[in-house]
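K.L.:
Please find one structure pasted underneath; my questions will follow.
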Amino acid sequence: MTVAEKLTELGIQLPEVPAPAGAYVPAVVDGDHVYTSGQLPFVDGELVNPGVLGDSVTVEAGYDAARLCAINSLAAIQSVVGDLDRVKQVVKVVGFVASAPGFDQQPRVINGASELLGEVFGERGQHARSAVGVSALPLGTSVEVEVTVRI
């Protein structure tokens, strides 16, 4: 099954890659790796589940936001490689979670991204990962995710 077929089976349509909010590009190819910039949980130009985990955002809403970040990461990767079937391995995921003092469930939140990548790529979706709590993220988002893949 192709990645496109798997995405269709999962009911996922990759969005247009959002325009960068600064002086960077959404993804860069370097040799046999693609590095994404931090992707936010945008749907149709709207930020989904903004706020702080452990305060105004639940773990479940953060999980959903991380999943959207992964979908947007796939769109960024596709924009520079053309075909997601070129992805041989998801290498690393770095997730940032806007966290209230004492909040320690960052891994559960970033599972939203990790599990989506596993669903899409199977064994090729297994990756190293960091889940980091921070006091604030751009535009008030609750989650930001970077993905590195080998092509």
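The values are calculated or read from the model by the stated rules, or taken from the named source; none is laboratory data. Bear in mind the structure is a predicted one, so any value in this text is a computation, not a measurement. Neighbour counts are summed over all protein chains in view; Cβ atoms, including those assigned to glycine, are modelled from backbone coordinates with ideal geometry. Just so you know, the surface numbers come from the protein's heavy atoms only, side chains and all, with ligands and any DNA or RNA stripped out. Shrake-Rupley method; radii C 1.70, N 1.55, O 1.52, S 1.80 Å.
K.L.:
If a residue has to be under 12 Å from Phe42 (Cα atoms), aliphatic (A, V, I, L, M) and either touching a strand residue (DSSP E or B) at 6+ places or on another chain (Cβ under 9 Å) or open to solvent by less than 60 Å² (accessible area, probe 1.4 Å) (or both) to count, how many in the stretch 1-26 make the cut?
P.N.:
So the answer is 2.
K.L.:
Can you tell me how many residues within the stretch 20-41 are closer than 11 Å to Thr141 by Cβ and at pLDDT 95 or above?
P.N.:
Residues in the stretch 20-41 being closer than 11 Å to Thr141 by Cβ and at pLDDT 95 or above: 4 in total.
K.L.:
Still on this structure, I have one more. Does Glu115 satisfy the condition of being surrounded by 16 or more Cβ atoms within 10 Å (Cβ to Cβ), acidic (Asp, Glu) and either modelled with pLDDT under 95 or under 20 Å from Gly62 (Cβ atoms) (or both)?
P.N.:
no
K.L.:
In the list Asp44, Asp64, Asp55, Asp83, which residue meets the criterion of being of a type in the set (D, E, K, R), open to solvent by 20 Å² or more (accessible area, probe 1.4 Å) and on the phi > 0 side of the Ramachandran plot?
P.N.:
Working: Asp64 fails: on the phi > 0 side of the Ramachandran plot; Asp55 fails: on the phi > 0 side of the Ramachandran plot; Asp83 fails: on the phi > 0 side of the Ramachandran plot.
Answer to the check: Asp44.
K.L.:
Separate question: Here are Ala100, Ala131: which of them is surrounded by fewer than 23 Cβ atoms within 10 Å (Cβ to Cβ), at pLDDT 95 or above and out of contact with any helix residue (DSSP H, G or I) (no Cβ under 9 Å at 6 or more places or on another chain)?
P.N.:
Ala100
K.L.:
With respect to the numbered conditions (1) more than 16 Å from Leu116 (Cβ to Cβ); (2) part of a loop (DSSP other than H, G, I, E, B), which one is the sole condition not fulfilled by Gln13?
P.N.:
(1)
K.L.:
Of the numbered conditions (1) in contact with a helix residue (DSSP H, G or I) (Cβ under 9 Å, 6 or more places away or on another chain); (2) open to solvent by 60 Å² or more (accessible area, probe 1.4 Å); (3) hydroxyl-bearing (Ser, Thr, Tyr), Thr141 fails exactly one; give the number of that condition.
P.N.:
(2)
K.L.:
Go through the residues of the stretch 73-90 one by one and say whether even a single one is closer than 16 Å to Leu10 by Cβ, touching a residue at least 60 places away in the same chain (Cβ under 8 Å) and of a type in the set (S, T, N, Q).
P.N.:
The answer is yes, given that some residue of the stretch 73-90 is closer than 16 Å to Leu10 by Cβ, touching a residue at least 60 places away in the same chain (Cβ under 8 Å) and of a type in the set (S, T, N, Q).
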